[in-house]
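Worksheet: one structure, shown below.
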Amino acid sequence: MAVDVPGLVAVVAFYLVILFIGIWGSRKSRKVEKTCDGSKSEVTIVGGRNINIVVGVFTMTATWVGGGYIMGTSEAVYAPSKGLVWALGLPAYAMNFIFGGLVFAKPMRSKRYVTMLDPFQKLYGNAFTALLLLPVLMSDILWVAGVLAALGGTMSIILGLSTSISIVISAVISIVYTFLGGLYSVAYTDIVQLCFIFVSMWLCVPFVVLSPAVTDNLQTSYLNHSNGTTWLGELQLADAGKWTDELLILGLGGLAYQALYQRILSAASATRAQISCLIASVVVFVMGLPSVIIGVMAAAADWNQTAYGLPPPFERGDEGKILPLALQNLAPTWVSVVGIASLAAAVMSSMDSALLSSASVFTQNIYKTTLRKMASERELQWVIRVSVLLLGVAGTGLAFGDDSVLAFWLLSGDFIYCMVFPQLICVLFFRYANTYGAYCGYVLGLGLRLMSGEPLLSIPPVILYPGWRVENGDIIQYFPFRTVAMLISLAAVIAVSTLVHLGFRCRLIPQSWDILKAFEEKTESQLEEMPVPCEEENKTIQTKL
């Protein structure tokens, strides 16, 4: 396939604009460092905590509106086996921001944390924090790999450009401006990227809707799929568990991503963080509507009237590429180029957030507190930059793994939901949470998720939940097993923490048995301030002694 030179020039020009804005953002960051009361590393991580509502809304929304959101929504609407009812990104991401604003923003921002892992480090110590960092890092690296792989495949369709070249160029641009400016560069490029995504995607919609391949077929299709199934989809009772699981992974699992809290913690106040989240919940929903419309039109189109021909995409297994295929075959060439630029913007807006979030938690919660407690601010800034570079290289390398990348990306999302989300709830809202309960919940969440199996990674299930089916030789669980693992992990943290707290607080367990030192450093005055559910029992014991 020949390279579309004008299209390539347009995309390169867009990349240069983004790079220029990123470099300008790095200069803004250096100015803030000179006037900010906080440390320079905090300016890089949370922007000096003076990000206003407008910028906050843009950067929050842009983080979630990535290549997976835009392409995945069109794929779900178009695919005959799914339909609109399975396009869960729109309601789930809106729910994510609503819960983030109403429930999590105030306790995180009011205590002036720097990263999502700070409350864990304060309560549980360095060892458990390092353990919790593993699924966080894995998720971000594979997130980067997944969006880059999607972009590479899309550019190869529309521009005729090598997938490898597309991946490398996009990765280099994102790494460079994130490396230079931290959150300021990410936030200001997010503004441009989100505006471009909004304008370009809505610009593509009328051309796709008015395509002859669509309008000529409307009389017979009635906006149904070309194989007779409806684009609305159908949710049967037997599939309700799987649907619920996937909705909650996106809606609640997203609350355990550092990228979200990086934006919340950068706000000037807790109230502004809450307002930004609530506004972002509306914006992110609107941003997904063009993808829905394009998916509907692709389902109604007569592909025999296009250069793509028959059989249609779903019969060739190209549902995952339906957005670029629709732009290429149902719209003029220049419109498809605008569409690919919008996808590139979406990919970079998600990639830079993932890079900076992982680099932030490693520097703040591992390097600064464990490896180099006396590190200078200049040293910490360079650790962040080097971490961004290494994480970017790792994600870029994995992006060449095609389907395996998608499999690991999905699995990493499961781990965040099953292991990190219940821990976050407990560390913020459960007054008796301690290290013993945290370790038990972590192990149970991980163990149950692995024993449920993962066909994408050829892991057979040990536990068979009700409603399982055999599809293409693999056992598929239609029971909400991920949510079960998350709830059991949550219950384990609460139950074990409560029992251990009662045991040590009521002197039922000898202090020498506190092998994790969860209660060792408490002074007598601190112990008096701790909640005592067994006050009467404790007084009785002290009287007898």
Ordering 342-355, 274-287 by per-residue average of other C-beta atoms within 10 angstrom, highest first, gives 342-355, 274-287
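May I ask you to order 50-56, 132-138 by the average number of other C-beta atoms within 10 Å around their residues, highest value first?
Ranking the peptides 50-56, 132-138 by packing returns 132-138, 50-56.
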Residue separation between L131 and Q236 times 0.36 nm, minus their alpha-carbon distance, gives in nm 33.9 nm
Summing -39500 (n - 2.57) over every DSSP H run of at least 4 in the chain, dividing by its residue total and rounding to the nearest 500, the 222 nm mean residue ellipticity is -22000 deg cm²/dmol
Here FRET efficiency (C-beta to C-beta, L457 to V168, R₀ 30 Å, nearest 0.05) is 0.65
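Return the subset of K122/K373; K31/K111; K31/K373; K122/K368 for which the Cα-Cα distance in this structure is over 21 Å, preserving the input order.
Over 21 Å apart, Cα to Cα: K31/K111; K31/K373.
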Magnitude of the Cβ-charge dipole (Lys and Arg +1, Asp and Glu -1) of the chain about the Cα centre, nearest 20 debye, reported as 1840
Each label sits 7 Å from Cα toward the beta-carbon; between K111 and V282 the label points are separated, in nm, by 3.1
Rounded to 0.05, the calculated FRET efficiency for the beta carbons of V199 and L102 at R₀ = 41 Å is 0.85
Contour minus Cα-Cα span, T271 to V393, at 0.36 nm per residue, comes to 40.2 nm
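Please give the peptides 333-341, 320-328 ranked by average Cβ packing (other Cβ atoms within 10 Å per residue), highest first, as a rough proxy for protection.
Descending packing order for the listed peptides: 320-328, 333-341.
Once the Cβ-Cβ distance between E315 and L487 is put in as r, and R0 is 60 Å, what FRET efficiency do you end up with, to the nearest 0.05?
Rounded to the nearest 0.05, the efficiency is 0.90.
Read-outs: derived from the displayed coordinates by stated rules, not from any lab. Computed from a predicted structure; not experimentally measured. Don't worry about glycine lacking a Cβ; one is built from the backbone with ideal geometry, like all the others, and counts go over all protein chains shown.
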